[in-house]
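Visitor: Have a look at the structure that comes next, please.
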Protein chains: 2
Amino acid sequence: MALTLDGPLADRSAWATGERCSISRAMGVIGTRSTMLIIREAWYGTTRFDDFAARVGITDAITSARLKELVQAGILVKRPYRPDKGRTRHEYVLTHMGDDLVPIVLSLMQWGDTYLQESAPLSVVDEDSGDTVRVSVTTASGAPVDIDRLHLRVAQESPTTVGSVIVTDAEES
Amino acid sequence: MALTLDGPLADRSAWATGERCSISRAMGVIGTRSTMLIIREAWYGTTRFDDFAARVGITDAITSARLKELVQAGILVKRPYRPDKGRTRHEYVLTHMGDDLVPIVLSLMQWGDTYLQESAPLSVVDEDSGDTVRVSVTTASGAPVDIDRLHLRVAQESPTTVGSVIVTDAEES
């Protein structure tokens, strides 16, 4: 099953997104296993350096590098806190930008549960209904869509600028 | 924003998913940038070796390694085809397991569009309604949920087996 390519995208040999691709950019920021597992841990409520390292199972050096990258990217915020009578320490908490990673984390969990497990070990449940939640492809209003009937288009927001970036010389000549 | 941890999960120091984690397993299969971009290309309709290499911008050696991994994982199927009067060649097409990666690819695109672009270059549109589609967190029946009110639980399908795997010695002792 593949998307239907509309308009100037129909001839796949005439265009490429290259570095402009949002999927590529997103993978550049969060596309390593240790980064994704730190994001998982932050979603599970882990906030302290030592707990990230222990629960993800990575060295202090890797934990330090990953947390620094995630703070710089705007996904985690580093905040000081002071334990009882102790020295000041820091905790790491998801920002709004980090919260918006939940559909990615949940879709990875859902796919892994389905194809890489005998049975799902954990479930994410909606407090109000008690139902297990899932990631769905919908319209902006929440209506379900058939993923066999999806089209890829140049975004309408800024067609001229976008077209000049994503359409290659082969198309422009 | 973090999940509320229910039951035996409430004490985070008492359990860990380790290698049982579906997110970790999924990242082990698809968690590299070149792998994700090959999946993107297959979704865009690319089927030929040379086109994967050129459009993702990777060497033939990496393309070969990634396609082989994706076929072995069951995400792509390799099929022979014969161009007019030419020798037999092979094409790579998403399996059902591969189709089910669409929510992951689309959620990466959506997050990248929102946070890593001035404006989205491409949009994925539903054929029937003409609406841009998005990835949403819903109940199984498609009802929207508030991601601030999600709980993490041991899955009900197999609580005993699961519990023994995910709960550590600290909990069992």
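The values are calculated or read from the model by the stated rules, or taken from the named source; none is laboratory data. Because the structure is a prediction, the values reported are computed rather than measured. Please note: Cβ atoms are built from the backbone with ideal geometry, for glycine as well, and neighbour counts cover all protein chains shown. Protein only, heavy atoms only, side chains kept; ligands, DNA and RNA dropped before computing areas. Shrake-Rupley method; radii C 1.70, N 1.55, O 1.52, S 1.80 Å.
Visitor: With every protein chain left in place, what is the accessible area per residue of the stretch B:1-94 in square angstrom, probe 1.4 Å?
Guide: Dividing the accessible area of the stretch B:1-94 by its residue count gives 47 Å².
Visitor: Around B:ALA2, what is the net charge, scoring Lys/Arg as +1 and Asp/Glu as -1 over all other residues with Cβ under 12 Å from its Cβ?
Guide: -1
Visitor: Next question. What are the residues whose amide H is under 5 Å from the amide H of A:HIS90, where those residues sit 5 or more places off or on another chain and H is modelled from the backbone?
Guide: A:TYR81
Visitor: Around A:GLY86, what is the net charge, scoring Lys/Arg as +1 and Asp/Glu as -1 over all other residues with Cβ under 14 Å from its Cβ?
Guide: Counting the neighbours of A:GLY86, the net charge comes to +2.
Visitor: Using amide H atoms built 1.01 Å from N in the peptide plane, name the residues 5+ places from A:VAL133, or on other chains, whose amide H lies under 5 Å from its own.
Guide: A:VAL124, A:VAL125, A:ASP126
Visitor: Would you mind checking the tilt of helix A:102-115 against the longest principal axis of the Cα atoms of chain A, expressed as 0 to 90 degrees and rounded to 10?
Guide: For A:102-115 against chain A, the angle is about 90 degrees.
Visitor: Please give the direction-averaged projected area of the C-alpha convex hull for the stretch A:1-150, in square nanometres with one decimal.
Guide: Convex hull of Cα atoms, orientation-averaged projection: 13.2 nm².
Visitor: Which whole-Hz ³J(HN,Hα) couplings does the stretch A:119-132 yield from phi under the Karplus relation 6.51 cos²θ - 1.76 cosθ + 1.60, θ = phi - 60°, glycine and proline marked x?
Guide: The phi angles translate into 8, 5, x, 10, 9, 9, 10, 6, 4, 6, 8, x, 7, 5 Hz.
Visitor: Also: Using +1 at the C-beta of Lys and Arg and -1 at the C-beta of Asp and Glu, which of B:SER119, A:ALA61, A:PRO103 has the Cα lying farthest in the positive direction of the dipole of the protein assembly as shown?
Guide: Of the options given, the answer is A:ALA61.
Visitor: Give the shape of the protein assembly as shown as rounded, prolate or oblate, defined through the alpha-carbon gyration tensor: a ≥ b ≥ c are the square roots of its eigenvalues, a/c under 1.5 means rounded, and otherwise the shape is prolate if a/b is larger than b/c and oblate if not.
Guide: It comes out prolate by the Cα gyration axes.
Visitor: Go ahead and estimate [θ] at 222 nm for chain A from helices alone: -39,500 (n - 2.57) per DSSP H run with n ≥ 4, summed, over the residue count, rounded to 500.
Guide: Using -39500 (n - 2.57) per qualifying helix, the result is -11500 deg cm²/dmol.
Visitor: Under 28 Å Cα-Cα from A:LYS78, which lysines qualify once same-chain neighbours fewer than 8 residues away are excluded?
Guide: Straight-distance partners of A:LYS78: A:LYS68.
Visitor: Would you kindly work out, in nm and rounded to one decimal, the distances from the label point of B:GLY7 to those of the same position in each other copy, ordered shortest first, with label points 7 Å along Cα-to-Cβ?
Guide: Relative to the other copies, B:GLY7 has label-point distances of 5.0 nm.
Visitor: While we're here: How much of the accessible area of the stretch B:1-85, in percent, comes from carbon and sulfur atoms when a 1.4 Å probe is used?
Guide: For the stretch B:1-85, the apolar C and S fraction of the accessible surface comes to 50 percent.
Visitor: I want to make sure I understand the PRE zone here: with the label point 7 angstrom from the Cα of A:ASP148 toward its beta carbon, which residues in the stretch B:8-46 have backbone N atoms less than 20 Å away?
Guide: Residues B:42-46 qualify, since their backbone N sits under 20 Å from the label point.
Visitor: Hey, another quick one. Considering only A:GLU118, A:GLU41, A:GLU69, give the residue with the highest GNM mean-square fluctuation for chain A, with springs between Cα atoms whenever their separation is below 10 Å.
Guide: Maximum fluctuation in the GNM of chain A, among the listed residues, is at A:GLU118.
Visitor: Using a label position 7 Å from Cα in the Cα→Cβ direction, what is the ascending list of nm distances from A:GLY86 to the same site in the other copies?
Guide: Result, one decimal in nm: 6.4.
Visitor: Right, something else. What does the charge add up to near B:GLY98, with Lys and Arg as +1, Asp and Glu as -1, over the other residues with Cβ less than 14 Å from its Cβ?
Guide: -2
Visitor: Let me ask something else about it. Taking the Cα centre of the protein assembly as shown as origin, sum charge times position over the Cβ atoms of Lys and Arg (+1) and Asp and Glu (-1), and report the length of that vector in debye to the nearest 20.
Guide: 1200
Visitor: A further question follows. Let me make sure I get this right: for the stretch A:51-100, a, b and c are the square roots of the gyration tensor eigenvalues over alpha carbons, sorted descending. Under 1.5 in a/c it's rounded, otherwise prolate if a/b > b/c, else oblate. Which is it?
Guide: In terms of gyration-tensor shape, oblate.
Visitor: In addition: For A:GLY57, which inter-copy label distances result when the label point lies 7 Å beyond Cα on the Cα-to-Cβ vector, reported in nm to one decimal and in ascending order?
Guide: 3.4
Visitor: Moving to a separate point now. Roughly what angle does helix B:33-43 make with the longest principal axis of chain B, taking Cα atoms, 0 to 90 degrees, to the nearest 10?
Guide: For B:33-43 against chain B, the angle is about 60 degrees.
Visitor: Moving on. Output needed for the stretch A:67-157: three equivalent-ellipsoid semi-axes, defined as square roots of 5 times the C-alpha gyration tensor eigenvalues, in descending order, whole Å.
Guide: Equivalent-ellipsoid dimensions as semi-axes: 34, 21, 14 Å.
Visitor: In Å² (nearest 100), what accessible area is buried between B and A, both sides summed, heavy protein atoms only, 1.4 Å probe?
Guide: 8400
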